[in-house]
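J.: Handing you this structure, nothing more for now.
Every number here is computed from the coordinates shown, using simple stated rules; none is lab data. Computed from a prediction, not measured in an experiment: that's the story for all the values here. Note that we place each Cβ from the backbone using ideal geometry, even for glycine, and neighbour counts take in every protein chain shown.
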Amino acid sequence: MARTTFNTGDTTLMDVLDQLGELQEGKLSRRKFTKNLLSAGVAIAVTPMASRKAMAAAEDQATFFTWGGYDIPELFGAYQEKNGELPNFAVFGGSEEALTKMRGGYVVDVSHPCNSGMPRWVNTGLFQPVDVTRLSNWSDVMPELVDLPGNTAEGGNVWMAPFDWGQTSVTYRTDLFELEGEESWDMLWDQRYAGRLGSLASGGDAWWCGAIKAGVDFDTLDSDDAFEKIAAVMREQRPLIRVYTDDTTTLEQALAAGEMVAAMTWNSSAVTLKAEGVPVKFAKPKEGALTWVCGLMIHKDAPHLDRAYDVIDSLLSVESGKFMINDYGYGHSNRKAFDAFDEETLVGLGLSKNPIEILQAGHFQRPQSQEWETRMNELFEQIKAGF
């Protein structure tokens with residue numbers, strides 16, 4: 001378990017401990033726990049905590065290997081109703097980290113890559129096609145999200161069942177960041193706010209956003225010239241960044257406290273902060289946001305294959321979709337999930353019932369080779385270390 005430090009203010013320590021107990025028992029999501037503390041004015045400093053299921057895994061339940069924030073009960077109502085309890089959760093900070101671990105022999109049932117990495121994952125031979133006939137919600141999945149490069153498997157099946165889609169952009173404090181002109185990626189390179197800017201740590205987001213800032217076309221992303229241009233802007237940014245992290249809660253807390261005035265985030269951070277009354281905005285950069293689709297893949301040696309399909313079906317359900325849209329501000333692959341929201345609400349979240357409108361409005365991530373991924377990650381790690 002992580003070491004956790006609280007500044008309780010007007011909230012009693014007993015209240016905090018009660019909620020922490022519910023968190024560990026799987027009765028309360030980590031995001032809900034954090035929101036409760038923020039709304040109560042409680043400051044919290046946490047190192048990433050293994051989920052309850054990862055710590056004390058139920059041997060007869062499927063394991064879902066995913067990004068932090070998706071290891072929550074709200075997304076698994078259907079799974080829990082059918083199987084009596086939640087799946088096991090294991091959390092990664094970036095998809096390359098996840099793939100490296102599985103290449104090393106770590107076996108899970110379902111994992112959660114994004115479209116730019118999916119063909120590389122398929123090429124490892126570590127995954128089996130998703131039999132769409134075993135998914136009760138498949139007929140409601142948007143075909144625009146299924147038809148991704150490299151996603152066709154034999155027999156009309158797919159390698160990745162699309163689940164969530166959204167944007168990477170700049171969340172900023174409207175009361176603390178003095179905007180000069182239009183919203184732009186330049187905001188995260190603004191010398192006025194040195195030490196008060198934050199960034200996602202994964203090159204799967206930051207390097208691509210650096211490419212947009214550098215004016216590099218994604219069609220030429222793998223060229224030597226592109227690497228030089230992107231590396232130059234990332235080195236320029238490095239002294240300005242207070243923290244690189246893939247723990248979005250860390251970025252949200254720093255923005256809420258005013259320690260940061262702007263950070264690279266996904267949609268969910270702005271939605272969470274707005275719900276707590278923090279004056280933030282999810283920018284629409286004049287150069288365009290980074291856009292992506294993520295989904296679900298089954299390990300070839302999945303030890304709980306039937307329940308692997310239960311994991312996927314639960315995540316593709318209307319109930320999970322409503323939660324993703326309302327609480328995280330992400331798009332969902334089930335078209336029926338959008339019926340609960342009017343167009344004004346969706347526009348306010350930066351979404352649309354037509355995912356192509358959003359994905360094509362920004363810079364859509366494209367699959368790259370393993371050689372590119374390795375080179376990019378090695379170079380970005382050097383830059384973050386100050387080299």
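J.: Mind listing the lone cysteines of the chain, meaning no other Cys beta-carbon sits under 4.7 Å from theirs?
T.: For the chain, the answer is C209, because their Cβ atoms have no other cysteine Cβ under 4.7 Å.
J.: At 7 Å along the Cα-to-beta-carbon direction for both E319 and D140, put a label point, then send me their distance in nm to one decimal.
T.: Label-label distance for E319 and D140, simple model: 1.1 nm.
J.: Report the relative contact order of the chain, percent, no decimals, based on alpha-carbon pairs under 8 angstrom and at least 6 residues apart.
T.: 23
J.: Go ahead and set up a Gaussian network model of the chain, Cα springs under 10 Å, then flag whichever of A275, A161, A90 fluctuates most.
T.: For the chain, modelled as a Gaussian network with Cα springs under 10 Å, the answer is A275.
J.: Right, next: With the Cα gyration tensor of segment 188-329 giving a ≥ b ≥ c as the square roots of its eigenvalues, does the rule (a/c under 1.5 for rounded; else a/b larger than b/c for prolate; else oblate) give rounded, prolate or oblate?
T.: Oblate shape, in that a/c is at least 1.5 and b/c is the bigger or equal ratio.
J.: Then there's this: Nearest 5 is fine: what % of DSSP beta bridges in the chain come out antiparallel, could you say?
T.: 65
J.: Compute the projected area of the convex hull of the Cα atoms of segment 186-258, averaged over all viewing directions, and report it in nm² to one decimal place.
T.: Taking the Cα atoms of segment 186-258, their convex hull projects to 4.8 nm² on average.
J.: Using a Gaussian network model on the chain with a 10 Å cutoff between Cα atoms, which of D175, D310, D186 fluctuates the most?
T.: Evaluated over the chain, the most mobile residue of the options is D175.
J.: Where Rh denotes the Kirkwood radius from the mean inverse Cα pair distance, what is Rg over Rh for the chain?
T.: 0.94
J.: Let me ask you something else. Between K82 and V107, what FRET efficiency follows from the Cβ-Cβ distance if R0 is 25 Å, with the result rounded to 0.05?
T.: 0.65
J.: What helices does the chain hold that run 18 Å or longer along their axis, going by alpha-carbon atoms, with a Kyte-Doolittle average of 0.0 or more, using DSSP H for the helix calls?
T.: Helix filter hits for the chain: none.
J.: Return one quarter of the surface area of the convex hull spanned by the alpha-carbon atoms of segment 64-149, equal to its mean projected area, in nm².
T.: The directionally averaged projection comes out at 6.4 nm².
J.: Most fluctuating residue of W159, W121, W372 in a GNM of the chain with Cα springs under 10 Å: which is it?
T.: Its mean-square fluctuation being the largest, the pick is W372.
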